[in-house]
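These notes are about the structure you will find just below.
The values are calculated or read from the model by the stated rules, or taken from the named source; none is laboratory data. Bear in mind that the values here come from a model prediction, so they are computed numbers and not experimental data. Glycine gets a Cβ as well: all are built from the backbone with ideal geometry, and neighbour counts include every protein chain shown.
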Amino acid sequence: MQRPDWAPETIDIERPSVARMYDYYLGGSHNFAADRAAAQAMVAAVPDAPLMAQANRAFLRRAVQFLTDAGVRQFLDIGSGIPTVGNVHEIAQRGAPESRVVYVDVDPVAVAHSREILAGNDRAAVVQEDLRHPERILAHPDVRRLLDFDQPVAVMIVAVLHFISDDDRPGRILRTLREALAPGSYLVLSQASDDGRTEEERAEAERVYRRTDNPLWVRNRAELTAFFDGFALVEPGVVWVPEWRPDSPESAEDAERAVFMGGVGRLGG
Amino acid sequence: MAAPARPGAFARAWAKAVSGTSFLPMTQAQLEALLQRLTDQLADALLAEPFDLRPGHRVGTELVANHIASAEGLGRTVEVLQLRLIRDLGLVGDDVEDRMARLLAAIATGYARALRDRTLDEQESIRRAVMTARAQAERALRDSEARFRHQATHDPLTDLPNRALFTERLTAALNEPGRGAERIGLCFLDLDRFKVVNDTLGHQAGDRLLITVANRLRRALDGHLVARLGGDEFVVLVERTGGTDDVVAVADTALAAVREPAIVDGTELTVTASLGIVERQIAGTTPGHLMRAADSTMHWAKAAGGARWEVFDAERNRRELARHALSAAIPAALERGEFYLDYQPLTSLRDGSLLGVEALVRWRHPELGVLHPGSFIGLAEETGLIVPLGGWVLAEACREAERWSARGGRAPFVSVNLAVRQVHRPGLVQEVRGLLQRTGLPPERLQLEITESTMMSTTEEPVRALRVLADLGVRIAIDDFGTGYSNLAYLRDLPVTELKVAGEFVAGLRAPAAEPASRTDERILASLVSLAHALDLTVTAEGVETAGQADRLRAIGCDAGQGWHFGRPAPADRILERVG
């Protein structure tokens, strides 16, 4: 019998966590010196990093709003990270209080923090699991308890797929999730893309993230589009995230600076 | 959240200034509406009588609460307010510039306080999350270690402690300081004929039976450590015994628990067990000794028919160990040439001539001295080592016997004992034919002695082999005739040349002829001789020790004799010299 693979030997705050680095980019203080040092190194290499995180977070907000407006009332947010401002359940439950949200993250600190935030919210839960094991996520009792897979569910995989290597077969992960979904379900996806970046910038970003537990895997638009296999992309398709249904035309300016590409797909039927 | 007021040019400019300074979980329109509300509050404050700084604090606090919460957010707010608020809103007043400066200071103060509080709160909450996560990880680790430890020390089928844990506990009990004078006991238990259950009902049924037995032992022997060693073997540790009786009581309980009928797959099964008991003082013993002693004792119980316990007996164990050691040494002894042959004469009762000699194996053991067949042939037969040993005897006898013809005159035949396993081996005919060819010994100078029990087998093969050998000219003798199952049917089928009559009939002839028992033996011998002669067989009497016996045997018509009267076993040279 082995130790469960999600239980690290120690919780080491000397080691940067991608969840807390992301929180730092967003202006939060849910982070430690090592996280800030790594995030600052990233900013030195890629000065737009905070902008990227903010643009991505804004994409998440608009996508959830879009889904809420489309009548979706169930959300599975995988790779949810540190629950900083603008969480899925805040946005969804503000519009539709009956919305149910399950967060999934592999980082035990992020999970413990989420659990504290969600205390008292019986329509939201957090599960510690790895996106690499979608079947475990789908079988988790808390996921089964809150989400009814006979009804549409929005699966959010936002700013996390670039931590999944090709060896982990992201296509298989997405297929497993898709096969569990009812018609009318949605997939929201975004990840770092190397379209339009210099080789140097990409190398430097990858070097910074090699210090974390999660090295970076950037992908281009075609690869991202392929992840939506089986889903019908809603307008405008896979784009730089600021271009995805912007609040105002000017907020989509210089969109490629956001580095993140994303899209929303709907399961037909 | 936002006031319905339409955002004015100033609020829009403010919103534009703070966008992108940190993540704002709202649309641009929501942000503008929020800042319009704050603008209104600031405008009111600038004109209010008396002048009050508290709205400035509140605006600073509210900005942070709405996540406009970065250094840049504050800087740009101060800038845009200072540059545009009074002008854009057309505010007029004597001291409005003065008030603006003080209000900005209040906003910055409120903002910095709120941001500091928020930062500290967030730091606290993330540290709390780390502690929670750490506690959980440690608990998970402890649980998994406990689970791991349990799995490493327990049998997965029955959940009883396994051999590793049992050995650990036993070792601890033996090594605990100050307990040397105490006594300890083991019960080694093995189900009888468990294999039959597996073979007839299947392994799943066997497993269920083991679970049932394990549960009963656990219940019945509460307070003693019961472990499953593997297969259908269980062991019980009985600590602080006062003597063997204490362990016997445990053994009785265990056997009774096993004996209760068990329902497995709707079949009622009654199983029994064999149990070995060892009980002794702790001082001077080791876990290995105790386990081996209990294990051997269990096998004694099994050999005695099972469904019982036996208590360890050091003397019996010593004998068995010695026997075991002896049999284990046979292959090496063969290689080192520690075996040799003596020969005993088979003498004609008619003219006293030497007809043949019986080869008798000896073992010149480096420690025990010369051993006679009685001390190792039985062992060799049990272990199957009789095949290489018997093969060596046969080859050596043929090799030596061939040389005897060089002495001139009629050389005696050599008679060699064949064990049951040798006769039943497929290669016997080839082996003998090969030996005769290699040594050049004429077939009629080789006699193979087999026992009646060799022929008890129902298979045809040995009979066919012996017939082939007889056709070659090899003599076949039945050894110890008259002591076996007295089924004479095989005499019809077998190409027997000679009967060797067992020494116990001959022994009777030592008594005076007038004694009734002696007369009976004589009559039996006479009938055997006449039966043999009627079948055209010769008869050799074994165990002839006196001249009187020889005379009476001759009178009966017996053909030959063997025994001390005619000569003890000795090296071939000495035998041949004497007749030479």
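A few remarks follow.
- Within region B:23-53, the residues that satisfy the criterion of being under 25 Å from residue A:66 (Cα atoms) and not in a loop (DSSP other than H, G, I, E, B) are B:28, B:29, B:30, B:31, B:32, B:33, B:34, B:35.
- Residues of region B:360-405 that turn out to be in a strand (DSSP E or B) and more than 15 Å from residue B:448 (Cα to Cα), as a count: 7
- Selection status of residue A:116, within 14 Å of chain B (Cβ to nearest Cβ), in contact with a helix residue (DSSP H, G or I) (Cβ under 7 Å, 6 or more places away or on another chain) and surrounded by fewer than 21 Cβ atoms within 10 Å (Cβ to Cβ): yes
- For residue A:204, the criteria (1) crowded, with 17+ Cβ neighbours inside 10 Å; (2) over 16 Å from the mean Cα position of the chain (by Cα) hold in every case but one, which is (1).
Every residue, every condition in (1) at the interface with chain B (Cβ under 9 Å from one of its Cβ atoms); (2) in contact with a Phe, Trp or Tyr (Cβ under 6 Å, 6 or more places away or on another chain), yes or no:
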{"residue": "A:22", "(1), (2)": "no, no"}
{"residue": "A:29", "(1), (2)": "yes, no"}
{"residue": "A:32", "(1), (2)": "yes, no"}
{"residue": "A:39", "(1), (2)": "no, yes"}
{"residue": "A:42", "(1), (2)": "no, no"}
{"residue": "A:46", "(1), (2)": "no, no"}
{"residue": "A:81", "(1), (2)": "no, yes"}
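Residues are listed down the side, and each one gets a yes or a no for (1) under 16 Å from residue B:195 (Cα atoms); (2) among the polar types (S, T, N, Q):
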| site | (1), (2) |
| --- | --- |
| B:226 | no, no |
| B:234 | yes, no |
| B:244 | no, yes |
| B:247 | no, no |
| B:254 | no, no |
| B:259 | no, no |
| B:268 | no, no |
| B:271 | yes, no |
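- The test for being more than 9 Å from chain A (Cβ to nearest Cβ) and in contact (Cβ under 8 Å) with a residue 24 or more places away in the chain does not hold for residue B:176.
- Residue list for region B:297-345, restricted to those being touching a helix residue (DSSP H, G or I) at 6+ places or on another chain (Cβ under 7 Å) and either in contact (Cβ under 8 Å) with a residue 60 or more places away in the chain or among the aliphatic types (A, V, I, L, M) (or both): B:309, B:311, B:326, B:330, B:334, B:341, B:343, B:345
- Residue match in region A:85-103 (condition: buried (at least 24 other Cβ atoms within 10 Å of the Cβ), under 22 Å from residue B:135 (Cα atoms), at pLDDT 95 or above and more than 9 Å from chain B (Cβ to nearest Cβ)): yes
- Index of the failed condition, residue A:70 passing every other in (1) within 14 Å of chain B (Cβ to nearest Cβ); (2) surrounded by fewer than 24 Cβ atoms within 10 Å (Cβ to Cβ): (1)
- Any chance residue B:132 is closer than 29 Å to residue B:80 by Cα, within 7 Å of chain A (Cβ to nearest Cβ) and either of a type in the set (A, V, I, L, M, F, W, C) or assigned to a helix (DSSP H, G or I) (or both): no
- Any hit, region A:176-194, residues being modelled with pLDDT under 95 and among the small types (Gly, Ala, Ser): yes
- Within the set B:60, B:20, B:93, the sole residue that is small (Gly, Ala, Ser), more than 11 Å from chain A (Cβ to nearest Cβ) and either part of a loop (DSSP other than H, G, I, E, B) or surrounded by fewer than 16 Cβ atoms within 10 Å (Cβ to Cβ) (or both) turns out to be B:93.
- Scanning region A:203-250 for residues that are among the aliphatic types (A, V, I, L, M), in a loop (DSSP other than H, G, I, E, B) and at pLDDT below 90, we see that the one that is farthest from residue A:39 (Cα to Cα) is A:218.
- Flag for residue B:151 being within 9 Å of chain A (Cβ to nearest Cβ) and within 21 Å of residue B:217 (Cβ to Cβ): yes
- Check on residue B:106, assigned by TED's automatic domain parsing to the domain that holds residue B:57 and touching a helix residue (DSSP H, G or I) at 6+ places or on another chain (Cβ under 7 Å): yes
- Boolean, residue A:55 is within 26 Å of residue B:128 (Cβ to Cβ) and within 12 Å of another protein chain (Cβ to nearest Cβ): no
- Test result for residue A:165, more than 14 Å from chain B (Cβ to nearest Cβ), out of contact with any helix residue (DSSP H, G or I) (no Cβ under 8 Å at 6 or more places or on another chain) and not hydrophobic (A, V, I, L, M, F, W, C): yes
- Test: residue B:518 is buried (at least 17 other Cβ atoms within 10 Å of the Cβ) and either in a helix (DSSP H, G or I) or of a type in the set (Lys, Arg) (or both): yes
- Test: residue in region A:136-157 that is within 13 Å of chain B (Cβ to nearest Cβ), under 16 Å from the mean Cα position of the chain (by Cα) and closer than 15 Å to residue A:19 by Cβ: no
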